[in-house]
Amino acid sequence: MTIAFVHSHRSFLPELDAYSHFFSAYGIQTTEIRSSEIAGSRADLFWHFMGTDSGHAKKDVVTIHEYGSASVPPFRKWKDLIKRSLSSKPGFRIFLNEYVKESMGFTDDVPFGFRDMGIFPRMQGPTQPEKVFDFIYTGSLGPQRNIRSLLRVFTTPRLKDHSLLVLGKDYDRLSRRYDTYQNIRFKGPVPYSSVAEWLHKARFAINFMPDKEPFNQQSATKFLEYASMNIPIISSDYAWVKKFQQQYGGAYFFLRDDLSNFTWENVNGYAYGFPDLSEWSWEKQIRKSGVLEFIQGKFPELVFPVRRGPSDLPLTSVHIP
């Protein structure tokens, strides 16, 4: 059997690696294609990362539509309406969470499930890694993040003597703007397999997110990666991360909206803690979604017995002197 994951190839989708790893363990092949390649594909199941799926390329095939996020401003509600109106009816839908499902506004009888973001087995580093950078930020540098307000702090007396590594892509304009500041370094994009190496070189990791929809209602993948590696987290104070803390624990240094509390003394004097991530493995997230039951219903010869994976990640805490 072959599953074809259909997407635009423009976005970074860590779930693709997770799905590929999961299904390959059961002898299922996976491939990644664009929508224009569907007609020539011999895959048994087409798994769309939405976008839209007009359904014109191939009829009478098994399809899954996955919605990993709601649309972003501007005109985000109109964008969601267009996605809903122009897409064909799949056999099953996967949503990141309830918020994304409600944003899409489907009212039909298509079965659905929820599949949140996950983490791969903890990426181990040296026992006492050399800390080359004081801070690291990884992820989007899009205008919606207002990343310049964060970078600006590192040009002021508060943090100009402390280093920041910005790991991302499409940062040429930003890097030119801050090229006179030797403490701010840009790098990337780097392969996902190399991200851990850079994270281990930083003393603190920054999760910088605007407290507005849809950003504040969706899982922060980078936050989960930081936590899985036990790197002290400095974070914006917003809805998703506060709810996560209530449910899974941990202690994170929350930034004020104006970043006035972002000082070297404050972040070093805070007692950091790390969450219980035992429910956040990709294996568990995939199984909880209900998609395996749907696939088995369409292909009865398939079975997905539970595998024994790495032990649960423990709840720990540390204080940085």
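Quick notes on this one:
- Residue check for R34: touching an Asp or Glu at 6+ places or on another chain (Cβ under 9 Å) and of a type in the set (D, E, K, R): no
- Selected residue (only one of A39, A18 is closer than 19 Å to F304 by Cβ and of a type in the set (G, A, S)): A18
Residue-wise test of (1) touching an Asp or Glu at 6+ places or on another chain (Cβ under 8 Å); (2) surrounded by 15 or more Cβ atoms within 10 Å (Cβ to Cβ); (3) part of a loop (DSSP other than H, G, I, E, B); (4) touching a residue at least 60 places away in the same chain (Cβ under 8 Å).
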| position | (1), (2), (3), (4) |
| --- | --- |
| I64 | no, yes, no, yes |
| P73 | no, no, yes, yes |
| D80 | no, yes, no, no |
| S88 | yes, no, yes, no |
| R93 | yes, yes, no, no |
| E102 | no, no, no, no |
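- A single entry from A251, A227 fulfils the requirement of being farther than 12 Å from Y137 by Cβ and in contact with a Pro (Cβ under 7 Å, 6 or more places away or on another chain): A227.
- Taking the stretch 178-196 as the range and being at pLDDT 90 or above, of a type outside the set (V, I, T) and out of contact with any helix residue (DSSP H, G or I) (no Cβ under 8 Å at 6 or more places or on another chain) as the test, the residues that pass are D179, Y181, Q182, N183, R185.
- Matching residues in the stretch 159-182 - criterion: being crowded, with 17+ Cβ neighbours inside 10 Å and farther than 20 Å from I231 by Cα: Y171, L174, Y178
- Scoring V267 on the criteria (1) outside the structural domain of R158 (by TED's automatic domain parsing); (2) touching a strand residue (DSSP E or B) at 6+ places or on another chain (Cβ under 9 Å) leaves a single failure, condition (1).
The values are calculated or read from the model by the stated rules, or taken from the named source; none is laboratory data. Small disclaimer: the values here were computed from a predicted structure and weren't measured. Neighbour counts are summed over all protein chains in view; Cβ atoms, including those assigned to glycine, are modelled from backbone coordinates with ideal geometry.
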